[in-house]
Amino acid sequence: MQPPRRIRRRDPGDPAPLEAAGLHPVLARVYAARRVCDPAELDLSVSGLPDYRGLLGIEAAAARLARAVEAGESVLVVGDFDADGATSCALVLRGLRAMGARRVDFLVPDRFRYGYGLTPEIVAVAARRRPHLLVTVDNGIGSVAGVAAAHAAGMEVIITDHHLPGPELPAAAAIVNPNQPGDGFPAKSLAGVGVAFYLLLAVRARLRESGWFARRPEPRLAAWLDLVALGTVADVVPLDRVNRILVAQGLARIRAGETCPGIRALLEVAGRDPARCVASDLAFAAAPRLNAAGRLTDMSLGIRCLLCDEPAEASALAQQLDELNRRRRDIEARMQDEALAALERLDLDGGTLPPALCVYDPGWHPGVVGILAARLKERFHRPVVAFAPDGEGGLLKGSARSVPDLHMRDLLDAVATRHPSLLSRFGGHAMAAGLSLPAAHLEAFGAALAEEAARAGAGRESAGTVESDGPLDPADFQPELAGLLRYGGPWGAGFPEPVFDGRFRVADWRTVGGDGRHLRLTVQPAEEGPVLEAIAFNQAPPPGLAAGTELELAYRLDLNHFRGTTRLQLMVEHLAPAGPVP
């Protein structure tokens with residue numbers, strides 16, 4: 001029932017200006033296909049970042065935080081339980097402490113007891129510490145009741161967030177969110193950690209103006225762009241130019257050995273070399289281990305890892321996070337098997353999938369439904385909402401993941417508008433969202449979700465499509481080009497890693513891996529060229545595969561570093577028997 005896949009080539013754009021500026025023709029073609037045609041856009045230095053003063057509310061927030069630093073007031077940072085929230089929290093604590101804040105600490109809600117955001121319940125926990133000021137990171141834009149509760153308890157609140165606001169904004173002392181009404185900031189895709197970084201820039205500027213740094217060193221905030229890079233990549237926000245600058249600068253610090261011990265330990269425990277770190281290492285190695293704490297226990301463990309300055313302690317914390325991630329993978333594998341079995345049992349109109357999927361099992365773990373939704377979205381190329389019991393009076397907790405060109409929060413908003421009684425609450429952004437609803441509403445919600453997804457054009461047209469940057473010439477199969485592509489970008493959401501396609505003749509093949517789920521190939525371009533190694537993870541050999549078979553491959557050009565040698569390798573995204581030559 002998995003939809004068939006096909007290759008669709010991207011519009012290459014006009015690479016001529018980039019080639020004229022000296023860029024390799026293949027890299028120029030790749031950038032142009034991503035609508036980067038001006039050589040000036042290739043400059044990813046921090047000077048290309050827009051001025052912090054363009055953010056609505058940031059001056060008021062900076063003034064209040066600077067006053068708290070100067071007066072020695074108690075500041076409590078209220079985080080979130082994902083990697084964006086954890087990096088935001090660690091960044092603000094490191095930044096404020098470096099600026100001279102003497103009383104700053106963090107609080108992150110236990111997702112299983114308090115749920116998401118600055119709720120009245122977590123405000124009551126915060127009040128026991130008697131802070132003067134609460135600062136939210138990666139949450140708070142929907143916390144109307146929580147901010148009111150904080151005011152009633154005598155605490156002021158500054159909100160920093162990037163999620164889309166609801167119809168009513170909290171009555172906070174200041175709100176910094178590029179997506180709030182009236183904000184003209186040009187970079188709307190900042191992650192929570194990006195917003196937090198901009199706030200620190202503004203606080204430092206305010207303290208500089210007051211002469212605060214005449215008595216102490218002024219911190220270099222760029223020292224923590226490794227945290228910004230990790231949180232930005234982990235939250236899968238679109239890598240527009242501003243986010244590419246933040247990520248590129250953070251990756252450069254990691255590769256130069258200037259990262260915090262926690263990030264280095266997370267990469268090393270995953271078997272990744274920090275000196276060769278790229279965005280995919282953050283996305284698929286560091287971030288899942290950090291997220292595992294928030295999914296299964298308490299994100300405080302992950303934040304402590306990011307705040308740690310002792311390599312040995314950071315390594316021990318990373319080992320704990322790695323073990324949690326192994327547990328998470330086991331839970332996720334079981335849940336995915338159960339979800340796939342349930343979908344197979346459904347009467348799906350002769351095997352045709354609905355435009356959006358809604359799955360639930362009473363035995364599922366609420367901390368893992370998000371990654372389950374992501375896996376099913378990748379497999380079926382549809383928006384997916386996965387639910388687990390919330391433990392609160394028959395409520396279900398859902399996590400949603402969407403596909404490009406279909407905005408997840410807007411989709412839920414459309415459901416809530418047409419069916420006002422279905423959802424208890426929801427929030428999120430384009431690619432991901434969270435929600436809750438009574439268990440009795442699950443079936444009706446699933447139908448409403450599919451209806452709205454169809455109305456929004458959820459794509460049967462694009463289902464299973466592999467976007468390609470076209471073919472490579474035989475002379476392009478060089479390690480030097482693979483290196484240029486690997487360290488270009490940085491690649492990620494909205495700025496995808498280059499994928500190429502072509503016909504290849506199989507010279508040899510075998511299955512590898514403990515359960516034989518991967519396919520290792522030796523291939524040669526069908527029009528003649530170098531013999532190449534290729535690996536296709538989680539892909540079975542097509543029927544009749546033999547030496548001499550011609551395959552259609554979509555692949556990434558990569559480098560395989562093994563036992564001191566570096567060799568070119570094709571990372572196969574898609575393979576199928578080649579059709580007749582047109």
inquiry  = Cβ contacts < 7 Å: first residue under 16 Å from residue 471 (Cα atoms), restricted to region 29-48; second residue among the acidic types (Asp, Glu) and assigned to a loop (DSSP other than H, G, I, E, B), any location; separation 6+ or different chain. Result?
reply    = 29/469; 30/469; 32/14; 33/11; 33/469
task = Kindly indicate whether any position in region 482-503 is touching a strand residue (DSSP E or B) at 6+ places or on another chain (Cβ under 7 Å), of a type in the set (Lys, Arg) and crowded, with 18+ Cβ neighbours inside 10 Å.
result = yes
message = Any residue that is in contact with a Pro (Cβ under 9 Å, 6 or more places away or on another chain) and at pLDDT 95 or above - is there at least one of those in region 220-228?
response = no
Matching residues in region 395-421 - criterion: being more than 24 Å from residue 138 (Cβ to Cβ) and crowded, with 20+ Cβ neighbours inside 10 Å = 415
query = Out of 283, 314, 287, which single residue is hydrophobic (A, V, I, L, M, F, W, C), part of a helix (DSSP H, G or I), more than 20 Å from the chain's Cα centre (by Cα) and modelled with pLDDT of 95 or more?
reply = 314
inquiry  = Where the second residue is at pLDDT 95 or above and part of a strand (DSSP E or B) and the first is closer than 28 Å to residue 234 by Cβ and of a type in the set (Asp, Glu) and lies in region 68-83, which pairs have Cβ atoms under 8 Å and are six or more apart or on separate chains?
reply    = 80/137
Subset of region 114-138 [assigned to a loop (DSSP other than H, G, I, E, B), touching a strand residue (DSSP E or B) at 6+ places or on another chain (Cβ under 7 Å) and crowded, with 24+ Cβ neighbours inside 10 Å] = 118, 131
query = For region 514-560, how many residues meet the condition of being in a loop (DSSP other than H, G, I, E, B) and acidic (Asp, Glu)?
reply = 3
inquiry  = Given the options 544, 529, name the one that is out of contact with any strand residue (DSSP E or B) (no Cβ under 7 Å at 6 or more places or on another chain) and surrounded by 16 or more Cβ atoms within 10 Å (Cβ to Cβ).
reply    = 529
request  = Among the residues of region 99-113, write down those that are more than 28 Å from residue 426 (Cα to Cα) and either touching a residue at least 60 places away in the same chain (Cβ under 8 Å) or in a strand (DSSP E or B) (or both).
outcome  = 99, 100, 104, 105
inquiry  = I'd like the full set of residues that are under 24 Å from residue 296 (Cα atoms) and at pLDDT 95 or above, limited to region 94-112.
reply    = 105, 106, 107
key: Matching entry among 61, 21, 71 (being surrounded by fewer than 14 Cβ atoms within 10 Å (Cβ to Cβ), closer than 29 Å to residue 131 by Cα and among the small types (Gly, Ala, Ser))   = 71
inquiry  = So, residue 41, is that one among the charged types (D, E, K, R) and either touching a His at 6+ places or on another chain (Cβ under 8 Å) or surrounded by 16 or more Cβ atoms within 10 Å (Cβ to Cβ) (or both) or not?
reply    = no
remark   = Residue set 77, 69; condition modelled with pLDDT of 95 or more and touching a Cys at 6+ places or on another chain (Cβ under 7 Å); output residue 77
task = Give me a count of the residues in region 507-524 that are surrounded by fewer than 20 Cβ atoms within 10 Å (Cβ to Cβ) and in contact with a strand residue (DSSP E or B) (Cβ under 8 Å, 6 or more places away or on another chain).
result = 11
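For (1) surrounded by 20 or more Cβ atoms within 10 Å (Cβ to Cβ); (2) part of a loop (DSSP other than H, G, I, E, B), each residue gets a yes or a no:
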{"residue": "195", "(1), (2)": "yes, no"}
{"residue": "202", "(1), (2)": "yes, no"}
{"residue": "205", "(1), (2)": "no, no"}
{"residue": "222", "(1), (2)": "no, no"}
{"residue": "228", "(1), (2)": "yes, no"}
{"residue": "231", "(1), (2)": "yes, no"}
{"residue": "237", "(1), (2)": "yes, yes"}
{"residue": "242", "(1), (2)": "yes, no"}
{"residue": "254", "(1), (2)": "yes, no"}
request  = Residue by residue through region 97-113, note down the ones that are closer than 21 Å to residue 58 by Cβ and either of a type in the set (D, E, K, R) or surrounded by fewer than 19 Cβ atoms within 10 Å (Cβ to Cβ) (or both).
outcome  = 97, 98, 100
inquiry  = If I filter region 458-471 for residues that are touching a strand residue (DSSP E or B) at 6+ places or on another chain (Cβ under 9 Å), in a helix (DSSP H, G or I), modelled with pLDDT of 90 or more and surrounded by fewer than 17 Cβ atoms within 10 Å (Cβ to Cβ), do I get at least one hit?
reply    = no
Enumeration of residues in region 547-568 that are within 25 Å of the chain's Cα centre (by Cα) and either hydrophobic (A, V, I, L, M, F, W, C) or exposed (fewer than 12 other Cβ atoms within 10 Å of the Cβ) (or both) = 554, 557, 559
message = With the requirement that a residue be part of a helix (DSSP H, G or I), within 23 Å of residue 229 (Cα to Cα) and either under 26 Å from the mean Cα position of the chain (by Cα) or basic (Lys, Arg) (or both), what does region 44-70 give you?
response = 46, 47, 48, 52, 53, 54, 58
message = Please go through (1) touching a strand residue (DSSP E or B) at 6+ places or on another chain (Cβ under 9 Å); (2) touching a residue at least 12 places away in the same chain (Cβ under 8 Å); (3) surrounded by fewer than 18 Cβ atoms within 10 Å (Cβ to Cβ) for residue 455 and return the number of the only condition it doesn't satisfy.
response = (1)
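The values are calculated or read from the model by the stated rules, or taken from the named source; none is laboratory data. Given the structure is predicted, the values throughout are model-derived calculations rather than measurements. Heads up, the Cβs are rebuilt from the backbone with ideal geometry, glycines too, and the neighbour counts pull from every protein chain shown.
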